[in-house]
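Report on the following structure.
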Amino acid sequence: MLPRPLRTTLALLAAATLTIAGASACGTADAVESGSAGDELAGTKLVVGSKDFTENIVLGKIAVQLLKAHGADVVDKTNLGGTAPNRKALEAGEIDLYWEYSGTGWIEHLKKTEPIQDSAGQFKATADEDLSKNKIRWIGPTPLNNTYALAIRSEKAEELGVKTLSDVAKLAETKPEAVTLCIETEFSTRDDGLPGLSKAYGLKIPKNQVSLLDTGVVYTETDKGQVCEFGEVFTTDGRIAALGLTVLEDDKKFFPNYNAAVTVRQDTYDKHPALEKVLQPVIAKLDDATMQRLNARVDVEGEEPAKVSADWLNEQGFLGSGGDA
(Lines give C-alpha, C1' and ligand atoms only; values in the text may rest on other atoms or scores of the structure.)
Protein backbone atom coordinates (compact mmCIF):
# COMPACT_ATOMS: atom_id res chain seq x y z
CA MET A 1 0.00 0.00 0.00
CA LEU A 2 1.25 3.49 -0.82
CA PRO A 3 2.00 5.83 2.08
CA ARG A 4 -0.62 8.50 2.63
CA PRO A 5 1.51 11.52 1.45
CA LEU A 6 2.26 9.82 -1.86
CA ARG A 7 -1.32 8.73 -2.26
CA THR A 8 -2.49 12.29 -1.67
CA THR A 9 -0.08 13.58 -4.30
CA LEU A 10 -1.34 11.01 -6.77
CA ALA A 11 -4.91 11.89 -5.95
CA LEU A 12 -4.26 15.56 -6.71
CA LEU A 13 -2.52 14.59 -9.93
CA ALA A 14 -5.44 12.39 -10.93
CA ALA A 15 -7.86 15.26 -10.40
CA ALA A 16 -5.67 17.61 -12.41
CA THR A 17 -5.47 15.21 -15.33
CA LEU A 18 -9.22 15.26 -15.80
CA THR A 19 -8.69 18.58 -17.54
CA ILE A 20 -5.93 17.07 -19.67
CA ALA A 21 -8.15 14.17 -20.74
CA GLY A 22 -10.97 16.51 -21.67
CA ALA A 23 -8.73 18.89 -23.57
CA SER A 24 -6.99 16.15 -25.53
CA ALA A 25 -10.22 14.46 -26.51
CA CYS A 26 -10.71 16.90 -29.38
CA GLY A 27 -7.31 16.09 -30.85
CA THR A 28 -6.69 14.35 -34.14
CA ALA A 29 -4.73 11.37 -35.37
CA ASP A 30 -2.14 13.64 -37.00
CA ALA A 31 0.71 11.70 -35.36
CA VAL A 32 -0.32 8.63 -37.34
CA GLU A 33 0.54 8.44 -41.03
CA SER A 34 -2.47 7.70 -43.20
CA GLY A 35 -2.24 4.27 -44.75
CA SER A 36 0.88 3.33 -42.79
CA ALA A 37 -0.55 -0.10 -41.93
CA GLY A 38 -2.59 -0.82 -45.05
CA ASP A 39 -5.12 0.53 -47.54
CA GLU A 40 -8.15 -1.58 -46.63
CA LEU A 41 -10.16 1.54 -45.73
CA ALA A 42 -8.78 3.95 -48.34
CA GLY A 43 -11.46 6.34 -49.59
CA THR A 44 -13.63 5.72 -46.53
CA LYS A 45 -14.79 8.53 -44.22
CA LEU A 46 -15.62 7.45 -40.68
CA VAL A 47 -16.74 9.44 -37.64
CA VAL A 48 -15.60 7.97 -34.31
CA GLY A 49 -17.26 8.84 -31.01
CA SER A 50 -16.52 7.84 -27.42
CA LYS A 51 -17.87 8.28 -23.95
CA ASP A 52 -16.42 10.88 -21.63
CA PHE A 53 -14.32 8.82 -19.22
CA THR A 54 -10.65 7.95 -19.60
CA GLU A 55 -10.87 4.35 -20.73
CA ASN A 56 -13.47 5.00 -23.38
CA ILE A 57 -11.58 8.04 -24.64
CA VAL A 58 -8.39 5.95 -24.93
CA LEU A 59 -10.32 3.24 -26.77
CA GLY A 60 -11.81 5.90 -29.02
CA LYS A 61 -8.35 7.25 -29.83
CA ILE A 62 -7.18 3.72 -30.59
CA ALA A 63 -9.99 3.41 -33.15
CA VAL A 64 -9.27 6.84 -34.65
CA GLN A 65 -5.57 6.12 -35.09
CA LEU A 66 -5.97 2.54 -36.25
CA LEU A 67 -8.56 3.39 -38.89
CA LYS A 68 -6.38 6.23 -40.18
CA ALA A 69 -3.40 3.87 -40.35
CA HIS A 70 -5.49 1.70 -42.66
CA GLY A 71 -6.33 4.58 -44.99
CA ALA A 72 -9.61 5.95 -43.66
CA ASP A 73 -10.40 9.66 -43.45
CA VAL A 74 -11.36 9.85 -39.77
CA VAL A 75 -13.34 12.53 -37.96
CA ASP A 76 -12.52 12.46 -34.22
CA LYS A 77 -15.59 13.04 -32.03
CA THR A 78 -14.26 11.28 -28.95
CA ASN A 79 -15.38 12.52 -25.53
CA LEU A 80 -18.89 13.00 -26.88
CA GLY A 81 -20.62 12.44 -23.55
CA GLY A 82 -22.16 9.56 -21.65
CA THR A 83 -23.81 6.38 -22.85
CA ALA A 84 -27.06 7.93 -24.11
CA PRO A 85 -25.50 10.67 -26.30
CA ASN A 86 -23.18 8.19 -28.00
CA ARG A 87 -25.90 5.64 -28.66
CA LYS A 88 -28.25 8.30 -30.02
CA ALA A 89 -25.50 9.70 -32.22
CA LEU A 90 -24.77 6.22 -33.56
CA GLU A 91 -28.41 5.47 -34.29
CA ALA A 92 -28.87 8.88 -35.95
CA GLY A 93 -25.81 8.47 -38.17
CA GLU A 94 -23.99 11.37 -36.54
CA ILE A 95 -21.13 9.00 -35.69
CA ASP A 96 -20.26 5.72 -37.38
CA LEU A 97 -18.88 3.81 -34.42
CA TYR A 98 -17.97 3.91 -30.74
CA TRP A 99 -16.85 1.45 -28.07
CA GLU A 100 -19.61 0.01 -25.92
CA TYR A 101 -19.72 -2.64 -23.18
CA SER A 102 -21.73 -5.87 -23.33
CA GLY A 103 -23.39 -5.36 -19.95
CA THR A 104 -24.41 -1.83 -20.89
CA GLY A 105 -25.86 -3.04 -24.16
CA TRP A 106 -27.82 -5.75 -22.38
CA ILE A 107 -29.17 -3.63 -19.52
CA GLU A 108 -29.40 -0.14 -20.99
CA HIS A 109 -30.00 -0.56 -24.71
CA LEU A 110 -31.91 -3.85 -24.73
CA LYS A 111 -33.65 -3.21 -21.40
CA LYS A 112 -32.92 -6.61 -19.89
CA THR A 113 -33.11 -6.97 -16.13
CA GLU A 114 -31.15 -10.19 -15.58
CA PRO A 115 -27.48 -10.30 -16.65
CA ILE A 116 -25.93 -13.47 -18.06
CA GLN A 117 -23.06 -14.58 -15.83
CA ASP A 118 -21.03 -16.26 -18.59
CA SER A 119 -18.97 -13.58 -20.33
CA ALA A 120 -19.11 -15.16 -23.79
CA GLY A 121 -22.82 -15.87 -23.41
CA GLN A 122 -23.50 -12.29 -22.32
CA PHE A 123 -21.68 -10.88 -25.32
CA LYS A 124 -23.32 -13.19 -27.86
CA ALA A 125 -26.80 -12.56 -26.52
CA THR A 126 -26.24 -8.80 -26.56
CA ALA A 127 -24.69 -8.74 -30.03
CA ASP A 128 -27.31 -11.03 -31.57
CA GLU A 129 -30.31 -9.16 -30.20
CA ASP A 130 -28.95 -5.67 -30.89
CA LEU A 131 -28.29 -6.67 -34.48
CA SER A 132 -31.70 -8.23 -35.03
CA LYS A 133 -33.69 -5.51 -33.26
CA ASN A 134 -31.69 -2.36 -33.89
CA LYS A 135 -29.32 -3.14 -36.80
CA ILE A 136 -26.32 -2.41 -34.58
CA ARG A 137 -23.36 -4.75 -35.07
CA TRP A 138 -20.87 -5.50 -32.30
CA ILE A 139 -17.25 -6.15 -33.34
CA GLY A 140 -15.41 -7.96 -30.57
CA PRO A 141 -15.34 -8.65 -27.73
CA THR A 142 -12.15 -7.60 -26.00
CA PRO A 143 -10.89 -9.78 -23.13
CA LEU A 144 -11.12 -6.73 -20.83
CA ASN A 145 -14.13 -6.69 -18.52
CA ASN A 146 -14.62 -3.21 -17.15
CA THR A 147 -17.34 -3.95 -14.66
CA TYR A 148 -18.63 -1.68 -11.93
CA ALA A 149 -17.53 -2.15 -8.33
CA LEU A 150 -17.50 -0.36 -5.00
CA ALA A 151 -14.15 0.46 -3.43
CA ILE A 152 -12.86 1.86 -0.16
CA ARG A 153 -9.50 2.87 1.30
CA SER A 154 -7.70 -0.34 2.22
CA GLU A 155 -7.04 0.73 5.80
CA LYS A 156 -10.69 1.73 6.25
CA ALA A 157 -11.86 -1.61 4.87
CA GLU A 158 -9.87 -3.33 7.60
CA GLU A 159 -11.19 -0.98 10.26
CA LEU A 160 -14.83 -1.53 9.24
CA GLY A 161 -14.36 -5.23 8.52
CA VAL A 162 -15.82 -5.09 5.02
CA LYS A 163 -14.71 -7.39 2.20
CA THR A 164 -17.91 -7.93 0.23
CA LEU A 165 -20.95 -5.93 -0.84
CA SER A 166 -23.01 -8.02 1.56
CA ASP A 167 -20.74 -6.71 4.34
CA VAL A 168 -21.57 -3.16 3.24
CA ALA A 169 -25.30 -3.89 3.33
CA LYS A 170 -24.95 -5.26 6.89
CA LEU A 171 -22.89 -2.24 7.92
CA ALA A 172 -25.63 0.05 6.56
CA GLU A 173 -28.00 -1.62 9.02
CA THR A 174 -25.76 -1.75 12.09
CA LYS A 175 -23.81 1.48 11.60
CA PRO A 176 -25.63 3.51 8.94
CA GLU A 177 -23.58 6.66 9.45
CA ALA A 178 -20.47 4.78 8.27
CA VAL A 179 -21.89 4.06 4.81
CA THR A 180 -21.38 7.19 2.74
CA LEU A 181 -21.13 6.78 -1.01
CA CYS A 182 -19.68 8.73 -3.96
CA ILE A 183 -21.03 7.83 -7.41
CA GLU A 184 -21.46 9.26 -10.90
CA THR A 185 -24.82 10.66 -11.94
CA GLU A 186 -25.32 7.91 -14.55
CA PHE A 187 -24.72 5.19 -11.93
CA SER A 188 -27.46 6.72 -9.76
CA THR A 189 -30.18 5.92 -12.31
CA ARG A 190 -29.06 2.83 -14.23
CA ASP A 191 -30.66 -0.56 -13.59
CA ASP A 192 -27.13 -1.97 -13.36
CA GLY A 193 -26.18 0.90 -11.04
CA LEU A 194 -27.27 1.95 -7.57
CA PRO A 195 -31.03 1.21 -7.93
CA GLY A 196 -30.42 -2.40 -8.95
CA LEU A 197 -27.53 -2.84 -6.55
CA SER A 198 -29.64 -1.59 -3.63
CA LYS A 199 -32.40 -4.03 -4.50
CA ALA A 200 -30.10 -7.01 -4.98
CA TYR A 201 -28.30 -6.53 -1.67
CA GLY A 202 -31.02 -4.88 0.40
CA LEU A 203 -28.67 -1.93 0.66
CA LYS A 204 -30.28 1.11 2.26
CA ILE A 205 -28.31 4.36 2.17
CA PRO A 206 -30.02 7.68 2.99
CA LYS A 207 -30.03 10.12 0.06
CA ASN A 208 -28.07 12.67 2.07
CA GLN A 209 -25.22 10.14 2.34
CA VAL A 210 -24.91 9.69 -1.44
CA SER A 211 -22.84 12.27 -3.36
CA LEU A 212 -23.03 12.63 -7.15
CA LEU A 213 -19.61 13.55 -8.56
CA ASP A 214 -17.58 13.45 -11.76
CA THR A 215 -15.70 10.21 -12.40
CA GLY A 216 -12.24 11.37 -11.36
CA VAL A 217 -13.52 13.14 -8.26
CA VAL A 218 -15.18 9.92 -7.08
CA TYR A 219 -11.73 8.32 -6.85
CA THR A 220 -10.04 11.23 -5.09
CA GLU A 221 -12.87 11.68 -2.59
CA THR A 222 -13.00 7.95 -1.85
CA ASP A 223 -9.26 8.10 -1.20
CA LYS A 224 -9.69 11.05 1.17
CA GLY A 225 -12.55 9.41 3.05
CA GLN A 226 -14.16 12.71 4.00
CA VAL A 227 -17.12 13.14 1.66
CA CYS A 228 -17.53 9.38 1.31
CA GLU A 229 -16.04 6.14 2.56
CA PHE A 230 -17.20 4.09 -0.43
CA GLY A 231 -16.94 4.95 -4.10
CA GLU A 232 -18.17 3.58 -7.43
CA VAL A 233 -15.19 2.48 -9.53
CA PHE A 234 -14.43 0.71 -12.80
CA THR A 235 -12.35 -2.42 -12.27
CA THR A 236 -9.90 -1.62 -15.09
CA ASP A 237 -9.13 1.85 -13.73
CA GLY A 238 -5.44 2.44 -12.96
CA ARG A 239 -6.28 4.70 -10.02
CA ILE A 240 -7.48 1.79 -7.89
CA ALA A 241 -3.94 0.48 -7.37
CA ALA A 242 -2.30 3.91 -7.40
CA LEU A 243 -4.51 5.16 -4.58
CA GLY A 244 -4.38 1.95 -2.56
CA LEU A 245 -8.11 1.27 -2.76
CA THR A 246 -9.69 -2.09 -2.02
CA VAL A 247 -12.38 -3.36 -4.40
CA LEU A 248 -15.21 -5.07 -2.55
CA GLU A 249 -16.29 -8.48 -3.79
CA ASP A 250 -19.61 -8.61 -5.62
CA ASP A 251 -20.50 -11.81 -3.75
CA LYS A 252 -24.01 -12.03 -5.19
CA LYS A 253 -22.64 -11.42 -8.70
CA PHE A 254 -25.02 -8.56 -9.36
CA PHE A 255 -22.93 -6.64 -11.88
CA PRO A 256 -22.98 -7.95 -15.46
CA ASN A 257 -19.93 -8.64 -17.59
CA TYR A 258 -18.79 -5.51 -19.41
CA ASN A 259 -16.55 -6.67 -22.23
CA ALA A 260 -15.74 -3.81 -24.59
CA ALA A 261 -16.48 -3.98 -28.30
CA VAL A 262 -16.88 -1.62 -31.23
CA THR A 263 -20.51 -0.89 -32.09
CA VAL A 264 -21.31 0.15 -35.63
CA ARG A 265 -24.51 0.45 -37.65
CA GLN A 266 -25.11 -2.52 -39.91
CA ASP A 267 -25.33 -0.33 -43.02
CA THR A 268 -21.90 1.10 -42.29
CA TYR A 269 -20.51 -2.38 -41.68
CA ASP A 270 -21.99 -3.60 -44.98
CA LYS A 271 -20.30 -0.75 -46.85
CA HIS A 272 -16.96 -1.29 -45.11
CA PRO A 273 -16.60 -4.98 -44.16
CA ALA A 274 -12.83 -4.46 -43.78
CA LEU A 275 -13.62 -2.88 -40.41
CA GLU A 276 -13.76 -6.34 -38.85
CA LYS A 277 -10.39 -7.38 -40.28
CA VAL A 278 -8.73 -4.14 -39.15
CA LEU A 279 -10.22 -4.03 -35.65
CA GLN A 280 -10.19 -7.65 -34.48
CA PRO A 281 -6.39 -8.08 -33.99
CA VAL A 282 -6.34 -4.98 -31.79
CA ILE A 283 -9.47 -6.00 -29.90
CA ALA A 284 -7.87 -9.36 -29.06
CA LYS A 285 -4.94 -7.63 -27.31
CA LEU A 286 -6.99 -5.44 -24.98
CA ASP A 287 -7.14 -7.34 -21.69
CA ASP A 288 -7.65 -6.07 -18.14
CA ALA A 289 -3.96 -5.63 -17.35
CA THR A 290 -3.28 -3.74 -20.58
CA MET A 291 -6.21 -1.40 -20.04
CA GLN A 292 -5.24 -0.74 -16.42
CA ARG A 293 -1.77 0.32 -17.58
CA LEU A 294 -3.12 2.59 -20.32
CA ASN A 295 -5.67 4.16 -17.97
CA ALA A 296 -2.99 4.77 -15.32
CA ARG A 297 -0.78 6.58 -17.83
CA VAL A 298 -3.59 9.10 -18.27
CA ASP A 299 -5.10 9.31 -14.80
CA VAL A 300 -2.00 8.84 -12.66
CA GLU A 301 0.92 9.93 -14.84
CA GLY A 302 -0.91 12.77 -16.58
CA GLU A 303 -0.32 11.79 -20.20
CA GLU A 304 -2.73 12.64 -23.00
CA PRO A 305 -5.05 9.84 -24.20
CA ALA A 306 -4.05 10.31 -27.85
CA LYS A 307 -0.36 9.80 -27.04
CA VAL A 308 -1.06 6.80 -24.80
CA SER A 309 -3.13 5.09 -27.49
CA ALA A 310 -0.65 5.82 -30.29
CA ASP A 311 2.27 4.59 -28.17
CA TRP A 312 0.51 1.32 -27.45
CA LEU A 313 -0.58 0.74 -31.05
CA ASN A 314 2.97 1.46 -32.21
CA GLU A 315 4.52 -0.87 -29.60
CA GLN A 316 2.20 -3.66 -30.76
CA GLY A 317 3.09 -3.07 -34.42
CA PHE A 318 -0.42 -1.98 -35.41
CA LEU A 319 0.60 1.31 -37.05
CA GLY A 320 3.00 -0.10 -39.61
CA SER A 321 5.97 2.07 -40.55
CA GLY A 322 4.39 5.45 -39.86
CA GLY A 323 3.28 5.15 -36.26
CA ASP A 324 5.57 7.49 -34.37
CA ALA A 325 3.57 9.43 -31.82
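General remarks:
- Residue count for the stretch 261-278, restricted to those that are open to solvent by 50 Å² or more (accessible area, probe 1.4 Å) and either among the hydroxyl-bearing types (S, T, Y) or assigned to a helix (DSSP H, G or I) (or both): 5
- Search result, residues across the stretch 210-228 that are in contact with a helix residue (DSSP H, G or I) (Cβ under 8 Å, 6 or more places away or on another chain) and outside any loop (DSSP other than H, G, I, E, B): V210, S211, L212, T215, G216, V217, Y219, T220, D223, K224
- Subset of the stretch 279-325 [open to solvent by less than 20 Å² (accessible area, probe 1.4 Å) and polar (S, T, N, Q)]: T290, N295, S309
- Test for T290: is it part of a helix (DSSP H, G or I) and over 26 Å from P143 (Cα atoms): no
- Condition met for K112 (in a loop (DSSP other than H, G, I, E, B), open to solvent by 50 Å² or more (accessible area, probe 1.4 Å), free of Cβ contacts under 8 Å to residues at least 60 places away in the same chain and at negative phi): yes
- Here is the figure for the stretch 173-185: residues that are surrounded by fewer than 19 Cβ atoms within 10 Å (Cβ to Cβ) and either hydroxyl-bearing (S, T, Y) or touching a Gly at 6+ places or on another chain (Cβ under 8 Å) (or both) total 2.
The values are calculated or read from the model by the stated rules, or taken from the named source; none is laboratory data. Here the structure is a predicted model, which means the values were calculated and not measured. All Cβ positions, glycine included, derive from the backbone under ideal geometry; neighbour counts span all protein chains shown. Just so you know, the surface numbers come from the protein's heavy atoms only, side chains and all, with ligands and any DNA or RNA stripped out. Shrake-Rupley method; radii C 1.70, N 1.55, O 1.52, S 1.80 Å.
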